[in-house]
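Where a number appears in this text, it was derived from the coordinates with a stated rule and is not lab data. Please read all numbers here as calculations on a predicted model, not as lab measurements. Quick reminder, even Gly has a Cβ in these numbers, built from the backbone with ideal geometry, and neighbours come from all protein chains shown.
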C-alpha cells in the first residue's frame, strides 16, 4: 500500500471512529457537559439532561445523514427494549436543526427511545466538550447512576460492547 493510501486510510479510520476509545481510563471526559445540557424535545418541550442523574444512561449523538448512525440505530433500539425496563435511560441527541426531518426519520426507523434536538451548533460544541474534538458521529456517552462517564465511543457502539458496559452498572 502506498504512503498516500495509508494516510488516507488512517484519516478515514479516525474520522469514522475506529480509533476512538480513550488511551487510558483517566482520559474519560467529565459528565458535566451532558448533565448541564438542555435539549429541545421533538414535542418542542425542553429536555433537561440533569434528569439522567441517578440513572444509568446512554446518550447517543447522531444525525439523519450519518451512515454509521443509521447502521447503529436498530441496535440501540434493541438495547432500549432490553435495558429500558431495567432502568437504563436512553436519549438520542440529533445534531441537526430540522426537527421535522428528525421526527420523520425517528418514526420511519422505529425509534421509540426519547429523541431530542441538540442542534448543529450546540451539538458540535457539546460533542467537543465531551472530548470528541472532531465532532465525529455517532458518539455515545454512557453514564453511571452517580453521573460519572463509564464509557464513550465515537463510531458504532456494538451491542456486545454496550452490554459489557451496562451489565456491571446495573
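Below is a table of values for the structure above.
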{"read-out": "Rounded if a/c under 1.5, otherwise prolate or oblate - region 84-132, Cα gyration tensor axes", "value": "oblate"}
{"read-out": "Centroid-to-centroid separation of region 38-87 and region 153-170 [C-alpha atoms, Å]", "value": "14 Å"}
{"read-out": "Rounded to 5, the percent of DSSP beta bridges in region 3-169 classed as antiparallel", "value": "60 percent"}
{"read-out": "Exposure proxy order (Cβ contacts within 10 Å, fewest to most) of 73, 165, 134", "value": "134, 165, 73"}
{"read-out": "Bins of 10 Å from zero: percent of alpha-carbon pairs in region 52-110", "value": "21, 52, 26, 1"}
{"read-out": "Shape of region 3-169, Cα gyration tensor, a/c cut at 1.5", "value": "rounded"}
